[in-house]
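Trainee: Dropping the structure in here first, questions after.
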Amino acid sequence: MTAAAPTRVLVLNSGSSSLKYQLIDMAGPVPGTDRPARGIVERIGEPRARGGVPDHAAALRAVGDELAAAGHGLDSPDLLAIGHRAVHGGTRFTEPVLVDDGVLAEMEKLVPLAPLHNPANIAGIRVARELRPDLPQVAVFDTAFHATLPEHAWRYALDPAVADPYAIRRYGFHGTSHAYVSRTAARLLGRDPADPADLAGFHVIVLHLGNGASVSAVAGGRCVETSMGMTPLEGLVMGTRSGDLDPAVVFHLAREAGMDTDAIDTLLNKRSGLAGLCGDNDMREIGRRMAEGDERARLAFDVYVHRIRKYVGAYTAVLGRVDAIAFTAGVGENSAAVREASMRGLEAFGVELDSVRNAVRGDAPRVVSAPGSRTAVAVVPTDEELEIATQTRDLVGERGLSLPPP
Ligand code: AMP
């Protein structure tokens with residue numbers, strides 16, 4: 001008798017100070033329906049007295065303990081693979097990749113492009129490989145879905161002799177979410193995302209509005225434009241990031257305000273966006289303040305929404321015709337007010353929101369435009385963990401890979 005093939009993927013999202021995990025079962029007609037365990041270990045690098053764990057190795061051991069306590073230890077034979085969220089793949093990683101020493105060395109070389117994120121990803125992968133050297137480990141990159149951008153979209157208008165040696169170009173982020181949401185929106189609207197012929201000509205704008213925010217234009221399943229650039233700072237107004245800015249603002253701050261590079265970096269990444277405009281980065285709080293007549297909160301909301309509309313208009317021009325606009329992530333899925341305000345005035349583009357449908361809350365993908373709307377507007381809850389598990393399973397295969405002995 002042979003043992004049943006393993007069906008579970010452990011998805012790890014290793015950030016600088018936290019480690020999130022989800023154990024996802026990929027068996028059955030709807031893979032991912034069964035998720036036997038999920039959780040988060042926080043305060044990595046903080047003192048134990050404040051509930052911290054010293055490093056990523058200790059964090060992953062804590063995850064192992066939690067999984068074991070739930071009856072799904074890291075040594076379980078049901079485990080098919082570990083799928084890791086990885087932030088910056090540069091131009092080197094445009095698809096999910098089976099991790100080996102060479103891949104880790106290449107990821108190290110990309111650290112200057114994502115100095116906050118990539119070291120944490122690498123640390124998580126190293127520790128997971130030490131704990132289960134026999135198990136395939138797959139890295140799924142946040143930049144990969146945007147690898148199909150044409151050069152006229154990814155290239156900045158800089159002298160290539162300056163830009164290229166420093167890998168300065170637009171990469172885009174949130175790709176795992178944009179991939180998942182664009183396919184789910186296609187399915188919601190009656191297209192088969194697995195059939196390239198059926199998907200051809202399907203044009204969707206995906207608005208990922210979370211604490212970080214980005215928008216992408218996807219034609220026939222391929223991303224052709226996206227708002228984040230070399231780093232996640234470019235594009236939409238975000239919780240704490242400014243998004244688009246005249247680069248001369250940086251020189252001006254340096255010359256006139258005497259700020260150094262690190263101070264400007266912190267200002268633009270951590271103290272700008274909604275938080276910079278009104279002191280709050282949470283759209284729920286901004287909504288409450290607006291209801292009380294708070295003008296700073298109203299202005300922050302207006303700047304946020306105006307930027308979204310500008311991008312929707314621009315991406316409509318890029319795509320030529322838009323079948324659907326899909327909202328996702330914390331704000332996109334939950335804020336009817338942001339959806340309503342950002343779609344207002346787009347009737348000439350064939351966008352007609354249904355205010356009753358838009359106000360209904362729910363967890364399922366749904367259409368919130370009026371029946372006659374030429375462009376459908378949809379809310380599609382994102383599921384980056386399921387997307388990572390799916391890409392990991394697809395790479396590893398149903399029965400798993402035999403790795404050479406470590
Ligand atoms: P994410 O990064 O996708 O987890 O999104 C987090 C953000 O979503 C928070 O900072 C809030 O601004 C926003 N958010 C979450 N729930 C709601 C809600 N019910 N209404 C409006 N915004 C929300």
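The values are calculated or read from the model by the stated rules, or taken from the named source; none is laboratory data. Values in this document were obtained by computation on a predicted structure and should not be read as measured data. Because the Cβ atoms are built from the backbone with ideal geometry, glycine has one as well, and the counts that use them run over all protein chains shown. Keep in mind that these areas ignore ligands, DNA and RNA; they rest on the heavy atoms of the full protein, side chains included. Shrake-Rupley method; radii C 1.70, N 1.55, O 1.52, S 1.80 Å.
Trainee: Show me the three semi-axes of the equivalent ellipsoid for the range 134-255, from the C-alpha gyration tensor (sqrt of 5 times each eigenvalue), largest first, rounded to whole Å.
Mentor: That gives 29, 17, 16 Å for the three semi-axes.
Trainee: If you don't mind, there's one more thing I want to ask. Can you give me the P(r) profile for the range 297-406? Cα pairs, bins 5 angstrom wide beginning at 0, each as a whole percent.
Mentor: Per 5 Å bin, starting at 0, the Cα pair percentages come out as 2, 11, 18, 18, 16, 11, 7, 5, 5, 4, 3, 1, 0.
Trainee: Can you list the trypsin sites (Lys or Arg not before Pro) in the range 46-123 that are in a DSSP coil and have 16 or fewer other beta carbons within 10 angstrom?
Mentor: Here the sparse-neighbourhood loop sites are ARG92.
Trainee: Another one. Rounded to the nearest whole Å³, what is the per residue volume of the convex hull around the Cα atoms of the chain? Each step should come with its number before you reach the end.
Mentor: Values: hull volume 70.0 nm³, N = 406.
Cα convex hull per residue, to the nearest whole number: 172 Å³.
Trainee: Further question: Under a cut-off of 28 Å between alpha-carbon atoms, report the lysines in cross-link reach of LYS20, not counting same-chain residues fewer than 8 places apart.
Mentor: Straight-distance partners of LYS20: LYS109, LYS270.
Trainee: At a 1.4 Å probe radius, which order do HIS117, HIS152, HIS56 fall into by accessible area, largest first?
Mentor: HIS152, HIS117, HIS56
Trainee: Using Cα-Cα distances under 8 Å and only pairs 6 or more residues apart, what relative contact order does the chain have, in percent?
Mentor: Reported relative contact order: 16 percent.
Trainee: How much of the DSSP bridge set in the range 43-171 is antiparallel, in percent, rounded to the nearest 5?
Mentor: Just about 25 percent of them are antiparallel.
Trainee: Hey, another quick one. Please identify the trypsin sites (Lys or Arg not before Pro) of the range 313-367 that satisfy two criteria: DSSP loop assignment and at most 13 other Cβ atoms within 10 Å. Which are they?
Mentor: ARG321, ARG344, ARG361
Trainee: Accessible area per residue for the chain in Å², computed with a 1.4 Å probe and the full protein assembly in place, what is it?
Mentor: Accessible area per residue: 47 Å².
Trainee: Separate question: Carbon-plus-sulfur fraction of the accessible area of the chain, 1.4 Å probe, in percent?
Mentor: Numbers: 10160 of 19100 Å².
It is 53 percent, rounded to a whole number.
Trainee: Kyte-Doolittle mean at least -1.0 and Cα extent at least 24 Å along the axis: which DSSP H helices of the chain qualify? Provide the component values of the computation, followed by the final result.
Mentor: Working: long enough: 295-319 (36 Å, 0.07).
For the chain, where a helix must reach 24 Å along its axis and average at least -1.0, the hits are 295-319.
Trainee: On to the next question. Give the percent of DSSP beta bridges with both residues in the chain that are antiparallel, rounded to the nearest 5.
Mentor: Counting DSSP beta bridges with both partners in the chain, the antiparallel share is about 60 percent.
Trainee: Where does the charge balance sit around ARG374 when Lys and Arg score +1, Asp and Glu -1, over other residues with C-beta under 13 Å from its C-beta?
Mentor: -2
Trainee: I've got another one for you. In whole angstrom, note down how far apart the Cα centers of the range 332-406 and the range 1-53 are.
Mentor: 23
Trainee: Another one. At what distance in angstrom do the alpha carbon centres of the range 73-119 and the range 185-243 lie from each other?
Mentor: With the range 73-119 and the range 185-243 each reduced to a Cα centre, they are spaced 23 Å.
Trainee: Looking at the range 265-307, which GluC sites (Glu not before Pro) are in a loop (DSSP not H, G, I, E or B) and have at most 13 other Cβ atoms within 10 Å?
Mentor: Passing both the DSSP loop test and the Cβ count: GLU292.
Trainee: Quick one: order PHE145, PHE93 from most to least accessible surface, probe 1.4 Å.
Mentor: PHE145, PHE93
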